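Colleague: Can you read through this structure? Questions will come right after.
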Amino acid sequence: MFNHAAAIGADLGRNLIKIAVVKIDGEIIAVKSYPLVQIQTRDSLIEKLLEAIRDIRLVVAADGINPICTGISAKGFIDHKGGVILGPDQGIRDWINVPLARIIKQETGLPVYVDNDANMMTLAEHRFGAARGYKNVIFVALRTGIGGGIMINGKLYRGANNAGGEIGQMIINCDNGTSDKGITGSYEHFASAASIVRRYNEESGSETGKDKKSVSCKDIFELSYIDNPEAVKVVKENSEMVGIGLANLITIFAPEIIVLGGGMSEAHDSYISMIKNSAFANSLENCRSELRIERAQLGAVGSLLGSAYWSMTSLAGQSI
């Protein structure tokens, strides 16, 4: 029944709601984005999400398409069976223990499924992107923080209390570096985009003084391409730390493929090559003998494809 069916996929980001209507084969029929106000509340976010769903349904209705369900990807811990946002609040007032699936279903009349955004990106890369054809997959989102997802034998690994896959919180340095989550020495603290900015500011001295300038992770990569010494040092250091984290995952899970997503994965090939060198140098040969490390292929639409596909398979009673 799903050969010609379509579903809505929505992604609740920090600054945008992205929404699309997607067919079961991954074809995106329509896609839109909605900016979010800087200070968000539970009610304002839900109101904007409902607006986005109404709009995208009207767009595709003109072509005779009526989505059969909705999938929503969101940050944080989520009870995917109940469709409840557990938390943390992500800076959104009252965004804890929110029965989002029930609320949206009541307003739209569609079956609604909610899951973690990194899980949905993992699923999308497995079904439509770089990890097609592989059963044992690890997805790592390299961005301001570090997120991730794990597939074992073709199924998402969720762990107890739906809390599995928090790759960014593994410990890679016991001596220092307490993160904003209160964890000392985490992968996220030492290998994320935020860590690149922090280290560049330390090396260049731009974290102090009246002439302090805002610099982004992308800016630092661009500086490294023209041989700025501080940027080159920081990017190389970061690639080694990213690779060490991957090495831990390789030795524990022996995956067939690791897919690197997030904005940092779009850096030049030299950066990806340095990550691979570090990962291979710090992992057991037998664990990495079948391994590929690849960039994600789906980019910003990954969470939309994953959430739409997951909602249709969930509606059909299939377990992923």
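Colleague: May I ask you to say which residue of 266, 290, 294 is among the acidic types (Asp, Glu), within 20 Å of residue 165 (Cα to Cα) and touching a residue at least 12 places away in the same chain (Cβ under 8 Å)?
Modeller: Details: 266 fails: within 20 Å of residue 165 (Cα to Cα); 290 fails: within 20 Å of residue 165 (Cα to Cα).
None of the others qualify; the one that does is 294.
Colleague: Follow-up. When the range 297-320 is examined, which residues are found to be surrounded by fewer than 22 Cβ atoms within 10 Å (Cβ to Cβ) and either under 25 Å from residue 194 (Cα atoms) or touching a residue at least 24 places away in the same chain (Cβ under 8 Å) (or both)?
Modeller: Filtering the range 297-320 down to residues surrounded by fewer than 22 Cβ atoms within 10 Å (Cβ to Cβ) leaves 297-301, 313-320.
297, 298, 299, 300, 301, 314, 315, 316, 319, 320 - these are the residues of the range 297-320 that are surrounded by fewer than 22 Cβ atoms within 10 Å (Cβ to Cβ) and either under 25 Å from residue 194 (Cα atoms) or touching a residue at least 24 places away in the same chain (Cβ under 8 Å) (or both).
Colleague: Still on this structure: It is to be established whether one or more residues within the range 91-99 are within 30 Å of residue 4 (Cβ to Cβ) and not polar (S, T, N, Q).
Modeller: So in the range 91-99, the residues within 30 Å of residue 4 (Cβ to Cβ) come out as none.
Checking the range 91-99: not a single residue is within 30 Å of residue 4 (Cβ to Cβ) and not polar (S, T, N, Q).
Colleague: A further question on this structure: What are the residues in the range 58-87 that are small (Gly, Ala, Ser), within 15 Å of residue 303 (Cα to Cα) and assigned to a loop (DSSP other than H, G, I, E, B), if any? Break it down into steps so the answer makes sense when it comes.
Modeller: Our first condition is that a residue be small (Gly, Ala, Ser); within the range 58-87, this holds for 61-62, 64, 71, 73-74, 76, 82-83, 87.
From what is left, the residues that are within 15 Å of residue 303 (Cα to Cα) are 71, 73-74, 76.
The one that is small (Gly, Ala, Ser), within 15 Å of residue 303 (Cα to Cα) and assigned to a loop (DSSP other than H, G, I, E, B): 76.
Colleague: Right, something else. Does the range 168-182 include one or more residues that are modelled with pLDDT under 90, in contact with a strand residue (DSSP E or B) (Cβ under 9 Å, 6 or more places away or on another chain) and assigned to a helix (DSSP H, G or I)?
Modeller: no
Residue-by-condition table, conditions (1) acidic (Asp, Glu); (2) outside the structural domain of residue 80 (by TED's automatic domain parsing):
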{"site": "229", "(1), (2)": "no, yes"}
{"site": "241", "(1), (2)": "no, yes"}
{"site": "246", "(1), (2)": "no, yes"}
{"site": "261", "(1), (2)": "no, yes"}
{"site": "266", "(1), (2)": "yes, yes"}
{"site": "271", "(1), (2)": "no, yes"}
{"site": "276", "(1), (2)": "no, yes"}
{"site": "292", "(1), (2)": "no, yes"}
{"site": "311", "(1), (2)": "no, no"}
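Colleague: Moving on. Name the single residue, out of those in the range 106-127 being over 14 Å from the mean Cα position of the chain (by Cα) and in a strand (DSSP E or B), that is nearest to residue 158 (Cα to Cα).
Modeller: 114
Colleague: Of the residues in the range 10-29, how many are among the acidic types (Asp, Glu), surrounded by fewer than 19 Cβ atoms within 10 Å (Cβ to Cβ) and within 16 Å of the chain's Cα centre (by Cα)? I'd like the intermediate steps shown before the answer.
Modeller: In the first step, residues of the range 10-29 are kept if they are among the acidic types (Asp, Glu); the result is 11, 25, 27.
Now restrict to residues that are surrounded by fewer than 19 Cβ atoms within 10 Å (Cβ to Cβ): 25, 27.
Restricting the remaining residues to those that are within 16 Å of the chain's Cα centre (by Cα) gives none.
Of the residues in the range 10-29, 0 are among the acidic types (Asp, Glu), surrounded by fewer than 19 Cβ atoms within 10 Å (Cβ to Cβ) and within 16 Å of the chain's Cα centre (by Cα).
Colleague: Here's something else I'd like to know. Checking residue 233 against (1) part of a helix (DSSP H, G or I); (2) over 20 Å from the mean Cα position of the chain (by Cα); (3) without any contact (Cβ under 8 Å) to a residue 24 or more places away in the chain, only one condition comes out false. Which one?
Modeller: Result: residue 233 fails condition (3) only.
Colleague: Within the range 271-283, can one find any residue that is at pLDDT 95 or above, buried (at least 24 other Cβ atoms within 10 Å of the Cβ) and touching a Leu at 6+ places or on another chain (Cβ under 9 Å)?
Modeller: Yes: one or more hits.
Colleague: Follow-up. From the set of residues in the range 249-266 that are closer than 18 Å to residue 168 by Cβ and in a loop (DSSP other than H, G, I, E, B), which is modelled with the highest pLDDT?
Modeller: It comes out as 255.
The values are calculated or read from the model by the stated rules, or taken from the named source; none is laboratory data. Computed from a predicted model, the values in this text were never measured in an experiment. Counting neighbours? That spans all protein chains shown, and the Cβs are built from the backbone with ideal geometry, glycine included.
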